[in-house]
Amino acid sequence: MPFPAPLNRRQLLQTLTAGTSFWAAPALWAQSTNAPEKIATQANPQRLEGSFNANGRLVVVFLRGAYDGLSALVPHGDPNYYRLRPNIAIAAPDGTAQSTLALDAQFGLHPALAALAPLWQQGVLGVIPAAGSPDATRSHFDAQLHWELGMPGQSSAGPGWLNRLAAPYSRTVALGVGEANPLILAGQAPVQLVPKGLAATRQGVLGDERTRQAVMSLYGGDDTLSKAFRAGADSRMQTAQTLSAGANQNSMMSNEMLAANNGAGSPQGLQLDAQHLGTLMRQNPNLRLGFLSAGGWDTHANQGAATGNLAQNLANLSTALLQLRRDFSQANDVVLVCSEFGRTTAENGTRGTDHGHGNALWLMGDSVNGGRWHGQWHGLAAERLHEGRDLPVHHDFRAVIAQVLHRSQGLGRPAIDQLFPGFAWDASLNGLMRA
């Protein structure tokens, strides 16, 4: 599988933050058709071998900054959790609105995620509590690179795995909403991108009249979302420019936090992004792969417990996932929620958590064997932790994605092996998806 010439870290960062006229060019906007696009039969240097019958849609939601999975999926059955987090642990289930919502004797939901409980009970929401990248880096930059390429340990840029997944098609099948040019969608296959916020002020995106009109045409109807989008379109540019200027003066926004967000918006805008994604993918059945992201998950200080900064982020994530469930509920649709790595099992001196390793990875969809957690879990005793401090990675994130692609996209093992070089099938996850 040929890759572009390797880039060093500085070149890659410049590429990711440069103008977006190539990736968001109006020529990449696909026209709506009545039927999904068939897979191209002509030779393609990035074509995946093996069976490939995309009868489902896949949406990836990436939480940039490393979200705290031990607060989202609370291990309330482990007393070590409360020992390690005396100030920020979510209270054990007691029936109140400020306590963990028990899923079973071991795990529960953060109260801010309570709206997702019916999906768990319906069996369409599942979780792998100790997944992630086998590479143990604690660098946001490196870890996000590994996730988006699907290649742990890779140090140079190449096509993102969603782009490689889209390459066999003859027309645009992948859509990203929010970021101007996410690496996961970068590559030879054309993609459709709808940037927003700070990204929308850059050259070639909503600042370009042709592209702006293309976006506006998608919201020309009389439905509530279209009206809201048109009403806010003119002010959105001014707001984004104001935020851009303010960000340069905000001493509270560290370089690390900016790097962790990598151009993604805040969780507050995730529901609207989800609405846009759903609208576009309904209008154009060719679009089978979607990408959303949100920054703001790097909670080194004042993380909070049942309330606070993280709780607010989780509430916004919950709302966005409910929106995605409404739009992506066909038989083989799957939503994947992930982050570059987890957080330390113990709180730090500023009542936050630092960069960790393993994390909870969520799946939503009718084909998911939900209402339960999957994979290994050995608790939070010190001897069970990675380097004595972090949740271990018992399951390679690619092994989780492989199960999803096999079920929702019809990929055979040869194609998955080609998509994720060096990947090994994890038979312990074979029950993750419904037969």
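The values are calculated or read from the model by the stated rules, or taken from the named source; none is laboratory data. Source: prediction; values computed, not measured. Neighbour counts are summed over all protein chains in view; Cβ atoms, including those assigned to glycine, are modelled from backbone coordinates with ideal geometry.
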Of everything in the range 384-421, what is buried (at least 17 other Cβ atoms within 10 Å of the Cβ) and among the basic types (K, R)? Give them in sequence order. R398, R407
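In the range 5-110, which helices (runs of 4 or more DSSP H) lie fully inside it and hold 2 or more residues that are more than 26 Å from Q323 (Cα to Cα) and at pLDDT below 95?
On the way: elements: 9-17, 69-72, 79-84.
In the range 5-110, 9-17 are the helices (runs of 4 or more DSSP H) which contain 2 or more residues that are more than 26 Å from Q323 (Cα to Cα) and at pLDDT below 95.
From the list P195, P134, exactly one residue is at pLDDT 95 or above and out of contact with any Ser or Thr (no Cβ under 6 Å at 6 or more places or on another chain). Which is it?
Values: P195 fails: at pLDDT 95 or above.
Result of the check over P195, P134: P134.
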With crowded, with 22+ Cβ neighbours inside 10 Å and at pLDDT below 95 as the only criterion, which of G265, G356 stands out? G265
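Of these, L175, L145, L162, which one is more than 23 Å from A259 (Cβ to Cβ), surrounded by 24 or more Cβ atoms within 10 Å (Cβ to Cβ), within 16 Å of the chain's Cα centre (by Cα) and modelled with pLDDT of 60 or more? Talk me through it step by step, then tell me what you get.
Details: L145 fails: more than 23 Å from A259 (Cβ to Cβ); L162 fails: more than 23 Å from A259 (Cβ to Cβ).
Checking each option against the conditions leaves just L175.
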Among the residues of the range 404-435 satisfying the criterion of being in a loop (DSSP other than H, G, I, E, B) and among the aliphatic types (A, V, I, L, M), which is nearest to S133 (Cα to Cα)? A424
Given (1) under 24 Å from D78 (Cβ atoms); (2) more than 19 Å from the chain's Cα centre (by Cα); (3) part of a loop (DSSP other than H, G, I, E, B); (4) in contact (Cβ under 8 Å) with a residue 12 or more places away in the chain, G370 misses just (2)
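So if I check each of A381, A424, which one is modelled with pLDDT of 95 or more, surrounded by fewer than 19 Cβ atoms within 10 Å (Cβ to Cβ) and more than 25 Å from H140 (Cβ to Cβ)?
Values: A424 fails: modelled with pLDDT of 95 or more.
None of the other options fit; the residue is A381.
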Any chance you could count how many residues in the range 118-134 are in a helix (DSSP H, G or I), touching a strand residue (DSSP E or B) at 6+ places or on another chain (Cβ under 8 Å) and farther than 24 Å from H378 by Cα? 1
Considering only the range 169-178, I want to know if a residue exists there that is of a type in the set (G, A, S), part of a loop (DSSP other than H, G, I, E, B), touching a Leu at 6+ places or on another chain (Cβ under 8 Å) and under 23 Å from G265 (Cα atoms). no
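What residue, of L310, L270, L289, is in contact (Cβ under 8 Å) with a residue 24 or more places away in the chain, closer than 20 Å to L109 by Cβ, crowded, with 19+ Cβ neighbours inside 10 Å and under 14 Å from the mean Cα position of the chain (by Cα)? So that I can check it myself, show each step before the final result.
Working: L310 fails: under 14 Å from the mean Cα position of the chain (by Cα); L289 fails: closer than 20 Å to L109 by Cβ.
That would be L270, the only listed residue that is in contact (Cβ under 8 Å) with a residue 24 or more places away in the chain, closer than 20 Å to L109 by Cβ, crowded, with 19+ Cβ neighbours inside 10 Å and under 14 Å from the mean Cα position of the chain (by Cα).
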E347 - would you say it is out of contact with any Asp or Glu (no Cβ under 7 Å at 6 or more places or on another chain), more than 23 Å from L314 (Cα to Cα) and surrounded by fewer than 24 Cβ atoms within 10 Å (Cβ to Cβ)? no
